[in-house]
């Protein structure tokens, strides 16, 4: 990314935005800027391995900044065994590239914990759109798990705000996901909640990213 980067949007579904990581869904999509690529649990089927191999053809693309969004959805996804196998395959891919996972997580915390327990030295994982209780993240603090906040804090979701306040700054990111919000609005809200200048949060988020990824971002 170029040095003009100011406010990093770690996860968006709107393409061609500077200072943002676009959630690309297929290997054939095109974007001018950085993107993530992975197998979303909603769309997994028995053909997931061949789709993943196709995605891996993008491994050497310097704009591929993260693997995902991938993870667990026990409400809408396929059988748990398929979700586990696909997630762990993408953990291996992310580890090979030295870049993080952008994780989708719905009702699958126990499955995530099981995967992390037996996966040796997992890559960093960013739980996107985090809205969980503090008990959810406290059980994961011994793992390289980070937490991204977005629309929920702007809607004054009390549980999410409490989690943001409780987490170390070194574990947080911000995003717009599929909302109509701007990343400026999200950072501004986080600034009010944390009583910290937007500029400090912007620098902290970039520092956090560069700590977990071989593909660096410059201020």
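Derivation of every value follows stated rules applied to the coordinates shown; laboratory data play no part. Fair warning: this is a prediction, and the values are worked out from it, not measured in the lab. Counting neighbours? That spans all protein chains shown, and the Cβs are built from the backbone with ideal geometry, glycine included.
Per-structure values
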read-out: Theoretical FRET efficiency, 1/(1+(r/R0)^6), r = Cβ-Cβ of residue 193 and residue 117, R0 35 Å, to 0.05; value: 0.60
read-out: Segment 124-175 versus segment 9-29: alpha-carbon centroid distance in Å; value: 21 Å
read-out: For peptides 122-134, 190-202, 80-92, sequence by mean Cβ density within 10 Å, most packed first; value: 122-134, 80-92, 190-202
read-out: Spherically averaged projected area of segment 1-119 from its Cα convex hull (nm²); value: 7.5 nm²
read-out: Evaluated over segment 100-219, the Cα radius of gyration and Dmax, each in Å; value: 14.0, 40
read-out: Size of segment 84-155 as Cα extents on the principal axes (Å, biggest first); value: 37, 22, 20
read-out: Ellipticity estimate at 222 nm from DSSP helix runs (n ≥ 4, -39,500 (n - 2.57)) divided over the chain, nearest 500; value: -11000 deg cm²/dmol
read-out: Sequence ranges 7-17, 25-35, ranked by mean other-Cβ count within 10 angstrom, highest first; value: 7-17, 25-35
read-out: Highest to lowest packing among 162-172, 54-64, 140-150, scored as the average C-beta count within 10 Å; value: 140-150, 162-172, 54-64
read-out: Model label zone, residue 207; criterion: amide N under 18 Å from point 7 Å along Cα-to-beta-carbon; scope segment 5-32; value: 5-9
read-out: Long-range Cα-Cα pairs in the chain (distance over 30 Å), rounded percent; value: 17 percent
